[in-house]
Structure formats: C-alpha cells, structure tokens
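Input: a single structure, listed below in structure tokens.
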Amino acid sequence: MPAPEIKKDIFWVGVVDWSVRNFHGHTFNTKRGTTYNAYIIKDDKNVLIDTVYGPNACELIENIRQVIEPGKIDYVIANHVETDHSGALPGIMKLCPKAKVLGTAKCKEGLYKHYYGDWDFQVVKTGDKLSLGKKTLTFLEAPMLHWPDSMFTYLPGDEILFPNDAFGQHYATSHRFDDEVDQALLMEEAAKYYANILWPLSSLVVRKIEEVQKLNIPIQMIAPSHGIIWRKDPMKIIKAYLGWAKNETKPKVIVVYETMWGATEKMAHKIAEGIIASGLEVKLFNVAQSDHTEIIQEMLDAKGYLFGSSTHDNNMLPGMGGFMEFFKGLKPKNRIAGVFGSYGWAGGAVKEIEGVLKEAGIENIHPSISFQYLPDKEEMAKCPVYGQDFAQRIE
Ligand code: FEO
C-alpha cells in the first residue's frame, strides 16, 4: 500500500487492522477494527513518530520502505509506551540501530520494562525542541492521557499535532482523513473511544486542552495514533472533547438491566414508558445481549442512568456485576441514577447496585423500586410513575 503524504514530506506509514475485535483485554469491543498510525517526516534528519502493534511490524517496515530505507531513520519519537504503539520498536531499532529514541522519562522506564532494549534514549520534557533541518519538533508531556508516559509532539510550520491516543478512534478504513468519511460514524467512534478510555481522566483532559489553548499554537491538523486524521476542522474534535470532559449532558436516560425470568425486564419497559411520556430520550440495554462498549458510549452524553437486576444469591446477576465493575471506574460526574429490580425472597441486587453507584461517586441517587416475584397489576402500574418521577429530576 503506498504511504500517503499527509503534508509535504510527512507520510502516514501506519497499519490498518481490519479484523481486531477486542482491545485492552476485551474491555473495548472494536467492531470496526482499528488503525495503528505511524508517521515519517523526511528532512535533513528523518523521523519516525511512533510505531505499531508488534504483530504488524512487517507491514510498518514495508510502508516505511515506500518512503525511505528504515536504516536512514535518525530519530524515533515514542509518544507512548503501550504496546499497540511500541510493539514494533525492537524490530525497527534492529534496522536503524544508531537511531535515537525520544520520549518522556516515564517512557524511558516503561519501554525498558517492556523490551529491555539497549537503545540510545533521549529524555524530553515539555518545551524541548528537536531540529530536523528545515522542520523542528516540539514536545509536550501529557501524563495520564492516558498513561504516565504519554506525550504530544507538535510540528510548527506544518501546524500538525501528533497527540498519540488522544483524539483517536478505533475505526479501520481505507480513508485517512476526516473529510473522506461519514461524519456521524466518525463522531460515534470518537465518542466511544473517549467514553471507554478517557472518561475517568476527564479533569486532566480539560487541563491539557486549556494548556494547549494558552500556548496559542495554530493547529491545522491533528494526527492521532488510531483512526482518521483531523484536517477539515480539527477544532470539531477539540470542542467535542471539552464537552465530554466537562461532563456536559442532554436530557437522555440510559436503562441498563439484566433479567432472570423476565420480571425485571418488564419493569424496565414500563419505567421507560414513563420516561418517554415525560418527553425524554431513553435507551434500554439488556446487558446480557448488548455490546458493553456501545452502552458506555451512549452513557457519555446522558444525564440519567437506571440500573436494574433480578436478585441472584443475594446479589445482582453476574452480567450486570461485570458491567457495573467497569462503570464504577468511569467516575461520571453530574449524573442522576436510580435502581430497580425483582427478587424471590431475600432480595439484595438493588442494595448491591446502590453500593456500586456510591463507589462510582454518584451523589444523586433516586430512591429505588423493587418487587417480589412477578409484579402484579398494581405494582406494575407504579413503574411508569417511577419513570416519570425520575424524568422530572433530569434537566
Ligand atoms: Fe494507549 Fe493506543 O494505546
């Protein structure tokens, strides 16, 4: 595949992974695959920005050869240690053993603990520059976005930001740029990526974007390490990130539940009727039959969450338990949540879910509703009312 020139003397040499369906140890369902983006800048000194996942190293090397012989690489910028961007580094370094690797101090430690390579490593800090001849790179540390080692690289003149994982999407496509793909699908994948990876780090995202804005650097292009490159309107994704990171929401309720013999599911549908009657958008997900990655994406802009489960062994059902464990780590702010469910004798699911909500830092918990066995007519009639009461609390 020819390496596309994204700007004069700057080439995309990454890899499109069409078939990957699970990422981060099955925590992210990559139903549209992904890309591992790497870039070559040709100048008096040649630079490779990031590599790709180890099993794709041969393809990266082939793509680099479309532009230059790998032995002519003078510098490798390691914006991030995680293996999907550094896995091919040992193979690359065999081809250009005299190249210098540049990254943060944490990157140096992390790369060593991954590959134990004896490479010439130069630690860089925010504001450090690297002259290539006509072009000069500038570095900006971005700790915990999303690992301690993370770093952005900026290329003035061409006005390109290489932020590694930030602003990426798990989206395999033959296109390289935002203006070449379906906009709704692109933003859906960008939101899914933010919700499932960066949401817990939102306060750091806001701080980093504000830091970049204060630097007043022009940005014509954002070239992340996954998915398409933002060139049509790079501000579009920056604005979206600010909204997500500030936990901006709309009047929308997500109902997530798991049911044993159907009673909790019937409650979920009746509660949703009450929310719909109140004029709010609502989406229901039976967690046992839904893509968890998509549920989390739908939660990103929703103000209200309702969680339901039948009781099993004094606890919520195991599918719900796994989902709530992931949800707890997201630490969403400014949300209202409620819990519902059915039980046979002792109960327990509702209390357990409420406990998880408190651990997740949800302060606004609506009183719960639960019924024994199959709710009768009178009990079932209380469900839409519950939905309406809940909807009244949603702005
Ligand atoms: Fe943090 Fe795409 O790896």
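The values are calculated or read from the model by the stated rules, or taken from the named source; none is laboratory data. Because the structure is a prediction, the values reported are computed rather than measured. Backbone-built Cβ (ideal geometry, glycine too); neighbour counts: all protein chains shown. When the accessible area is computed, the model is the full protein with side chains, heavy atoms only, and any ligands, DNA or RNA have been set aside. Shrake-Rupley method; radii C 1.70, N 1.55, O 1.52, S 1.80 Å.
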Look at region 135-167 and say how many of its residues are open to solvent by less than 30 Å² (accessible area, probe 1.4 Å), more than 27 Å from R21 (Cβ to Cβ) and among the polar types (S, T, N, Q).
2
Conditions (1) on the phi < 0 side of the Ramachandran plot; (2) within 16 Å of the ligand (Cβ to nearest atom); (3) hydrophobic (A, V, I, L, M, F, W, C); (4) in contact with a Leu (Cβ under 6 Å, 6 or more places away or on another chain); number of the one not met by M144:
(1)
Would you point out which residue out of T138, T104 is on the phi < 0 side of the Ramachandran plot, within 16 Å of the ligand (Cβ to nearest atom) and in contact (Cβ under 8 Å) with a residue 12 or more places away in the chain?
T104
For residues that are within 16 Å of the ligand (Cβ to nearest atom) and of a type in the set (S, T, Y), tally how many sit in region 157-189.
1
Between residues in region 64-90 that are away from the ligand (no atom under 16 Å from the Cβ) and residues that are among the polar types (S, T, N, Q), which pairs lie under 7 Å by C-beta distance while being six or more apart or on different chains?
I68/N46; K72/N46; I73/N46; D74/N46
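Residue-by-condition table, conditions (1) at pLDDT below 95; (2) within 17 Å of S225 (Cα to Cα); (3) not in a helix (DSSP H, G or I):
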{"site": "N79", "(1), (2), (3)": "no, yes, yes"}
{"site": "H85", "(1), (2), (3)": "no, yes, no"}
{"site": "G91", "(1), (2), (3)": "no, no, no"}
{"site": "V101", "(1), (2), (3)": "no, no, yes"}
{"site": "K106", "(1), (2), (3)": "no, no, no"}
{"site": "Y112", "(1), (2), (3)": "no, no, no"}
{"site": "D118", "(1), (2), (3)": "yes, no, yes"}
Quick one: which strands (runs of 3 or more DSSP E) sit completely within region 246-334 and have at least 3 residues that are of a type in the set (S, T, Y)?
302-312
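Yes/no matrix, rows are residues, columns are (1) more than 19 Å from I6 (Cβ to Cβ); (2) surrounded by 14 or more Cβ atoms within 10 Å (Cβ to Cβ):
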| site | (1), (2) |
| --- | --- |
| Q169 | no, yes |
| M187 | yes, yes |
| A190 | no, yes |
| N196 | yes, yes |
| P200 | yes, yes |
| Q213 | yes, no |
| I228 | no, yes |
| T249 | yes, yes |
Just to check your reading of the model, which residue among K270, K208, K239, K232 is more than 19 Å from R335 (Cα to Cα), within 16 Å of the ligand (Cβ to nearest atom) and not hydroxyl-bearing (S, T, Y)?
K208
Flag if L95 is away from the ligand (no atom under 16 Å from the Cβ), surrounded by 15 or more Cβ atoms within 10 Å (Cβ to Cβ), of a type in the set (A, V, I, L, M, F, W, C) and closer than 23 Å to K8 by Cβ
no
Identify, please: which residue in region 35-55 is away from the ligand (no atom under 16 Å from the Cβ) and assigned to a loop (DSSP other than H, G, I, E, B) and is, among those, surrounded by the fewest Cβ atoms within 10 Å (Cβ to Cβ)?
D44
Working only within region 354-372, note down all residues that are out of contact with any strand residue (DSSP E or B) (no Cβ under 7 Å at 6 or more places or on another chain) and either outside the structural domain of H312 (by TED's automatic domain parsing) or open to solvent by 50 Å² or more (accessible area, probe 1.4 Å) (or both).
K358, E359, E363, P367
Restricting the search to region 175-194, which residues are closer than 13 Å to H226 by Cα and either over 17 Å from the mean Cα position of the chain (by Cα) or among the aromatic types (F, W, Y) (or both)?
H175, R176, F177, D178, Y193, Y194
